[in-house]
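Below you'll find the structure, written out as structure tokens, and then a few comments.
Readers should treat all values here as calculations from the given coordinates under stated rules, not as data from a laboratory. None of the values given here were measured: they were computed from a predicted structure. All Cβ positions, glycine included, derive from the backbone under ideal geometry; neighbour counts span all protein chains shown.
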Amino acid sequence: MKKVPISRRRFIQLGAFTGSGFMLGVYPTDWVQAAQDLPEDCPYFQPNAYIRIEKNGSIIIFVAKQESGQGVNTSLPMIVAEEMEVDFQQVHTEVAPFGSLPAGAHDTGGSQSVPGTYDDLRKAGAVARTMLINAAAQKWQVDPHLCKAEKGAVVHALTGNRLTYGALACDAALMPVPTEVTLKNVKDFTIIGKEQRKRNQKDILTGKVKYGIDLQIPGMAYAVVARCPVRGGSISSVDDSEAKAVPGVLKIVQFEGTGKPMHVHAGVAVIARNVWAAMKARRMLKIVWNEGPNNHESSKDLFQRFEQKSKETPKQIVHTLGDVAQIKAPAKRSFSAQYAAPFLAHATMEPVNFIAKANAEQCEIWGGLQLPDWAVGEIANSCKLKKENIKVNLALMGGAFGRRLQFDFAIEAVKIAQQFDQAVKVIWDRTDDLRFDNYRPANFHRLQANWDEKGQVQSWQHHVLTTPVAFSTDGPEAKEPAEMLGGASKDFWYGIPNIQTGYTPIEFNLQCGWLRGVEPVVNVFPIECFVDELAQKLKKDPLQFRLSLLEGRPAFSAKFNDNWSQPVDPGRLATVLKLAAEKIGWDAPRPKNHFMGIAGHLFFCNSYAAHAIEIEKLGKKHFRLVRIVVAIDCGVVINPDGLRSQMEGGTVFGLGQALRNEITVENSQVVEDSFYAYQLARYNDVPPIEVYTVPSEAAPGGAGEVGVATVAPALCNALAAAGMRPRRLPLQKAGYTWET
Amino acid sequence: MPIFKLLINGESRTVDVEPDMPLLWVLRDELQLTGTKFGCGVASCGACTVLLNDTATRACVTPVQIAAGQAITTIEGLSATGDHPIQQAWEEINVPQCGYCQSGQMMTLAGLLKANKKPSTAEIRLAMDGVLCRCGTYHRIQQAVQKAIENYNK
């Protein structure tokens, strides 16, 4: 048991947010939770915003992070319940209303929900437990140290007296908030580490669960929007006479686009009694757009620019170790390769949608927002509202993957609703959703390495080129657009004496944003393919070669800037690589034409993962996916089933990127308009997946994204072992075909 | 607008809508049966799958005038208490992540099993490959399909 201080009486300061603020820039640096004022008639005991115990014994745990399939509606209350000493099955969970916690508490992204709140949630639970014990001790006039909490009750060790939390609620509410609390030992956990079903599983399976798109607001109308196809364009003219005549149409309104951070496209919204009428009327609109000057860019040209620029000196040097310039080697001891990956769309199964009711002074909004505080600030700016006049109702998301870190759709919905006297639900059809996304940047990499006569790698150079998210959110003047460097920068895990990572951002008129896996997905593909290529050149086993660059390296801290340091432990990475290799039978005899590939990485949420993939070569550029093994070390595991689920899902997400996903751009407009064109991983793409976990008592890491990045390189490395070496994603585009 | 009589989950319902309105929007917005999901509107993802006379059908491309007079089953009618063999299998395997596609997944399998209680692997793959899941629960769906077929034939 360890004692941790809680500062201030009546106020519970729950410590600094431990997550990195680099990605989103809006995470709070600290937060202070005011205890609830004690109600006169004491209907319940609420020691903090996370916990309420009612007199009738009901225990409610509030969840601040938002559920989008990643399981925080289960894992986070498990952490609170553990320290509270309650039966998890007896606990009710509810979404913490927006505003019940300080700004930033609802921010959900960067795989930070568990690692970023684990300590705070434990303290919140321990505070409740301590106050309940103190209340019982006072009632019994005994020493609180002789009382213990178990299964929602306090028990006196000597007399065996027992009072439930419900019975103690009103006495506990009168207890002073403790200045320090004792946290449980990891080995005494009874909830954390035990499998729990997703809290809303039954409602999902019976169709009762309500996502944002399912919400009905009294008097609500529906809208669909015709948007200017090019970012930065505007409306020249609109003829809506035919559209207005469609039965059910209520009003047609126009709105201007916005600039950074979210670049809402200018549009014409058809508001109607039902979605179908709005969709039909939208087809009748005759709009002339002014697309602006940047309306002729294409992804094909972009990749040519990438290729050309990759040969030039990088715009920025972001990481230097030793001096790569002094390492000269003859051509036979030098190797260079280029890798590329396309723009990607989020394509959540719940298409983007948002509900707003608004006028010139105030508004109420309903929907999923991963960063609601930032969104509210920008809605206020864009729609000329005061922040305090915006009421937010957070909704369950049918997938997010970063799409709802962006909030262009929310600003747009408020702009539309301000021109209508009832609530409006704006529905994006799949074409809207795919063509007006915030895309994972396209990227290109040139790597070069030299080695000495003994086959020791002496230098490693990596030039990353991309269309940065920061150019979209902050404008081309963004000072530090090197956001795509996770894995390739100071956190690079392989022990090589001379390293240089350069970065060249390219302007491109397409809104870019964060997608599940963010920068590690961008950089791990080239890094883990290139290291594999070096092993092949040096005639070394790809696993042993990696281990030789990892094992024996001490853990270090990669300091990116004053606010962000990332611990890197090459030993933990070596462990997951070895576990994945062992479980797939790396050294075991294999059937003819079966080949294996491996790849590992560290995600910046303090989690390490490796994939090992077995394929069978069936012909030229034709293969069968036989089996995928993934090994994960994320420290303490909260919900083992939830972790497996995230690793399986991350694997499939990564497999889709390796095999199929690609957004292309022509005339500064996205081409793909449906799932026939933007292809996702499918049922028949997925071979058996096995997940293995490294037992650990280290502080918990995140699990939402660490399963994605190593799939594509492990698969490409398996194909390379079979004599093929794809260097550009997706494989489908390069003519590969596969079966399972 | 014309009035259509629909037989949904064994109940007779009446709606007054345009004849070309897809069944999807009738279910969701006119009848508040929101368990059937909008995913694409062009039959490319399967999220809106319902049964029409026991055949798995994409509600997003089925005009209400076609659905009228046929027996319509939605996820809410598969079993309100969640004890249909398919729902039980999905629960046992803990399939859902975000859950948005799962009614379409289960209704697709329900249609397959109505036609054939013991479908072949090829038939299963053909049917289930048409329903997309962005969370990537396919691995568990594959297991749950097997479990559901076992449950169904008990």
Out of A:VAL246, A:VAL238, A:VAL225, which single residue is in contact with an Asp or Glu (Cβ under 9 Å, 6 or more places away or on another chain) and either within 19 Å of A:ARG435 (Cβ to Cβ) or not polar (S, T, N, Q) (or both)? A:VAL225
Give all pairs with beta carbons closer than 8 Å in which a residue from the stretch B:102-114 that is outside any helix (DSSP H, G or I) meets a residue that is surrounded by fewer than 24 Cβ atoms within 10 Å (Cβ to Cβ); count only pairs at least 6 apart in sequence or on separate chains. none
So B:MET21 passes all but one of these: (1) facing chain A (nearest Cβ under 8 Å); (2) crowded, with 24+ Cβ neighbours inside 10 Å; (3) within 15 Å of the chain's Cα centre (by Cα); (4) touching a residue at least 40 places away in the same chain (Cβ under 8 Å). Which condition number does it fail? (3)
Subset of the stretch B:115-135 that is within 21 Å of A:GLY654 (Cα to Cα) and in contact (Cβ under 8 Å) with a residue 60 or more places away in the chain - its residue that is surrounded by the most Cβ atoms within 10 Å (Cβ to Cβ): B:VAL131
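Okay, residues lined up against (1) within 30 Å of A:LEU538 (Cβ to Cβ); (2) out of contact with any Ser or Thr (no Cβ under 7 Å at 6 or more places or on another chain):
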{"residue": "A:LYS309", "(1), (2)": "yes, no"}
{"residue": "A:PRO314", "(1), (2)": "yes, no"}
{"residue": "A:VAL318", "(1), (2)": "yes, no"}
{"residue": "A:LYS332", "(1), (2)": "yes, yes"}
{"residue": "A:PHE335", "(1), (2)": "yes, yes"}
{"residue": "A:ALA341", "(1), (2)": "yes, yes"}
{"residue": "A:ALA347", "(1), (2)": "no, yes"}
{"residue": "A:PHE354", "(1), (2)": "no, yes"}
Of A:GLN216, A:GLN304, A:GLN254, the only residue that is free of Cβ contacts under 8 Å to residues at least 24 places away in the same chain and under 30 Å from A:HIS462 (Cβ atoms) is A:GLN304
Would it be correct to say that B:ALA43 is in contact with a strand residue (DSSP E or B) (Cβ under 8 Å, 6 or more places away or on another chain), within 11 Å of chain A (Cβ to nearest Cβ) and either buried (at least 19 other Cβ atoms within 10 Å of the Cβ) or more than 25 Å from B:GLU150 (Cα to Cα) (or both)? yes
Members of the stretch A:247-282 found to be part of a loop (DSSP other than H, G, I, E, B) and under 20 Å from A:ARG231 (Cα atoms), listed by number: A:GLU256, A:GLY257, A:THR258, A:GLY259, A:LYS260, A:PRO261, A:MET262, A:HIS263, A:VAL264, A:HIS265, A:ALA266
Output the number of residues of the stretch B:71-101 satisfying the condition of being of a type outside the set (Val, Ile, Thr), touching a residue at least 24 places away in the same chain (Cβ under 8 Å) and either more than 7 Å from chain A (Cβ to nearest Cβ) or closer than 13 Å to B:ILE149 by Cβ (or both). 9
Within the stretch A:215-241, restricting to residues that are within 14 Å of chain B (Cβ to nearest Cβ) and farther than 18 Å from A:MET279 by Cβ, the one that is surrounded by the most Cβ atoms within 10 Å (Cβ to Cβ) is A:LEU215
In the set A:VAL63, A:VAL114, A:VAL72, A:VAL95, which member is within 14 Å of chain B (Cβ to nearest Cβ), within 21 Å of the chain's Cα centre (by Cα) and not small (Gly, Ala, Ser)? A:VAL72
Hits in the stretch B:27-39 - residues which are under 15 Å from the mean Cα position of the chain (by Cα) and of a type outside the set (D, E, K, R): B:LEU27, B:LEU33, B:THR34, B:GLY35, B:THR36, B:PHE38, B:GLY39
Kindly indicate whether B:PRO119 is touching a helix residue (DSSP H, G or I) at 6+ places or on another chain (Cβ under 7 Å) and facing chain A (nearest Cβ under 8 Å). no
Identify all residues within the stretch A:281-294 that are over 31 Å from the mean Cα position of the chain (by Cα), surrounded by fewer than 18 Cβ atoms within 10 Å (Cβ to Cβ) and closer than 20 Å to A:GLU507 by Cβ; write none if there are none. A:GLY292, A:PRO293
Subset tally (residues that are touching a strand residue (DSSP E or B) at 6+ places or on another chain (Cβ under 8 Å) and under 20 Å from A:GLY232 (Cα atoms)) for the stretch A:296-321: 4
